[in-house]
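See below for the structure under consideration.
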Amino acid sequence: MMLLSGITIYGLISLLNLLIVPLINPFPPFFRTFIVTALMVAIMTYVAMPRMTKLFAGWLYPKFKR
């Protein structure tokens, strides 16, 4: 899960830096950080991780035979 979260966060941070940060660049650093953090948490919680968990369910939760 850590590896999957790290890969997802890296991709989203790269995307936010490309698309959002240029738009909010005039704001103070504290406010920019708050906006990026709020967007990251919302996207990770409601969009990215549910899809990634479903996509990698076989790898994350393998079926063990006894």
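Pairs, please: C-beta under 8 Å, at least 6 apart or cross-chain, first residue under 12 Å from M1 (Cα atoms) and in the range 49-62, second among the polar types (S, T, N, Q) and assigned to a helix (DSSP H, G or I)?
Here the result reads M49/S5; M49/T8; M52/T8; L60/T53, each pair linking the range 49-62 to a residue that is among the polar types (S, T, N, Q) and assigned to a helix (DSSP H, G or I).
Of all residues being assigned to a helix (DSSP H, G or I) and of a type in the set (S, T, N, Q) in the range 1-51, which is nearest to the chain's Cα centre (by Cα)? Just the residue, please.
Filtering the range 1-51 for residues assigned to a helix (DSSP H, G or I) gives 2-19, 21-24, 29-51.
Within this subset, residues satisfying the condition of being of a type in the set (S, T, N, Q) are 5, 8, 14, 17, 33, 37, 45.
Numbers: S5: 7, T8: 5, S14: 10, N17: 12, T33: 15, T37: 10, T45: 8 Å.
Across the range 1-51, the extreme among qualifying residues is T8.
Quick check on the range 35-54. Is at least one of its residues of a type in the set (G, A, S) and surrounded by 12 or more Cβ atoms within 10 Å (Cβ to Cβ)?
Yes, the conditions are met somewhere in the range 35-54.
Considering only the range 4-21, I want to know if a residue exists there that is surrounded by 11 or more Cβ atoms within 10 Å (Cβ to Cβ), at pLDDT below 95 and touching a Phe, Trp or Tyr at 6+ places or on another chain (Cβ under 9 Å).
The answer is yes; a qualifying residue exists.
Would it be correct to say that I20 is aliphatic (A, V, I, L, M), in contact with a helix residue (DSSP H, G or I) (Cβ under 8 Å, 6 or more places away or on another chain) and over 17 Å from S5 (Cα atoms)?
Yes, satisfied.
The values are calculated or read from the model by the stated rules, or taken from the named source; none is laboratory data. These numbers were taken from a predicted model, which means no experiment stands behind them. All Cβ positions, glycine included, derive from the backbone under ideal geometry; neighbour counts span all protein chains shown.
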